[in-house]
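Laboratory data are not the source of any read-out in this text; all were calculated from the coordinates shown. These numbers come from a predicted model, not from an experiment. When we count neighbours, we look across all protein chains shown, and the Cβ atoms used for this are built from the backbone with ideal geometry, even at glycine.
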Amino acid sequence: MSVDTDCAGQTAIVTGSASGIGAATVLALARQGYRTVGIDIDLEGAQASAAEATTINQLAHLAIAADVCDEAALVAAFDRAFASLGRLDVLVTSAGVAETTAFMDIPAATFRSVYDVNVVGTFLCIREAAKRMQPGARICTVASVAGLRGGGLSGTAAYAASKGGVLALTKSAARALAANGIRVNTIAPGATLTPMIAEHWKNEAHRKRVEGMSVLNRSAEAREIANGIAFLVSPRASAITGSTLVADNGLMMY
């Protein structure tokens, strides 16, 4: 495979690297010459992504098992990742969970658990990455159009609120880390063909309804979202920080 060496020698940590957008991002960054460490609770999946990345650019890519909600384990994972990489240029926070329980039926414990993964987990990753980054480093979080719309597609209140939290957290981080020379942006995908929505897409009527809400009348591929992330963390996006790239096939135009 051809490799774009614009970022040769640079390094990245990608959470949620075992599947979906996270796995696609590991591969997209490998094609740009990055060496990566993937962090996921699914170690086997993360190892598979790392192995495929190695076939792309012939560099050593590492996978580490950790839960982004477990602060001590996550700090240890970042210590290990940084020791392996030697420097940290990029962080992508793809780890997340979906939740589709109807508004009036969501237990408080469920709401908290979704928020813990999607918002607190994202915050912890940003904090730990920033401690190890030098000026010029970049961070990209992964939100969702659910955070812009308040749900209404598949994810309901807990999910939409958590992704809205990621949007606000990203802006806060961009302000806080600007003095350190670190750019922070987020991508807000619409419906994307990942394991997270696979079960819901078995309902053909639901899939057609959601896809029909977008101008392009389709779902995105994970690699398409990963390409957007790769742009946001690239030197080509050097003037962009605190911004949200909406990648939704035109759904938010309505």
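Fully extending the segment from Phe231 to Ala205, taken as 0.36 nm per residue of separation minus the present Cα-Cα distance, adds 6.0 nm.
Largest GNM mean-square fluctuation among Lys202, Lys171, Lys163, using the chain with Cα springs under 10 Å: Lys202. Backbone geometry of region 86-96 corresponds, through the Karplus equation with coefficients 6.51, -1.76 and 1.60 at θ = phi - 60°, to 3J(HN,Hα) couplings of x, 7, 9, 9, 9, 10, 10, 9, 8, 4, x Hz, x marking Gly and Pro.
Straight-line reach from Lys208: taking Cα to Cα under 19 Å and skipping same-chain neighbours fewer than 8 places apart, the aspartates and glutamates in range are Glu199, Glu221, Asp248.
Within a straight-line Cα-Cα reach of under 22 Å, Lys163 can be paired with the following lysines, leaving aside sequence neighbours fewer than 8 residues apart in one chain: Lys171. Here, region 5-249 has an Rg and a Dmax of 16.9, 51 Å when only alpha carbons are counted. Model label points for Asp70 and Ala109, set 7 angstrom from Cα along the Cα-to-Cβ axis, are 2.0 nm apart. Were the residues from Ala102 through Lys131 laid out at 0.36 nm apart, the gain over their Cα-Cα distance would be 6.6 nm. Put a plus charge on the Cβ of each Lys and Arg, a minus charge on the Cβ of each Asp and Glu, and nothing anywhere else: the dipole of the chain about its Cα centre is then about 740 debye.
What relative contact order, as a whole-number percentage, does the chain give when Cα pairs under 8 Å and 6 or more residues apart are counted? Walk me through the numbers on the way to the answer.
Values: 542 pairs, mean separation 45.6, N = 254.
About 18 percent, as a whole number.
Which residues does a label at Asn180 reach in region 112-135, if reach means a backbone N under 19 Å from a point 7 Å past the Cα toward the Cβ? Residues 119-135 qualify, since their backbone N sits under 19 Å from the label point.
For region 1-95, how big is Rg over Rh, using alpha carbon atoms and the Kirkwood form of Rh? Rg/Rh: 0.94.
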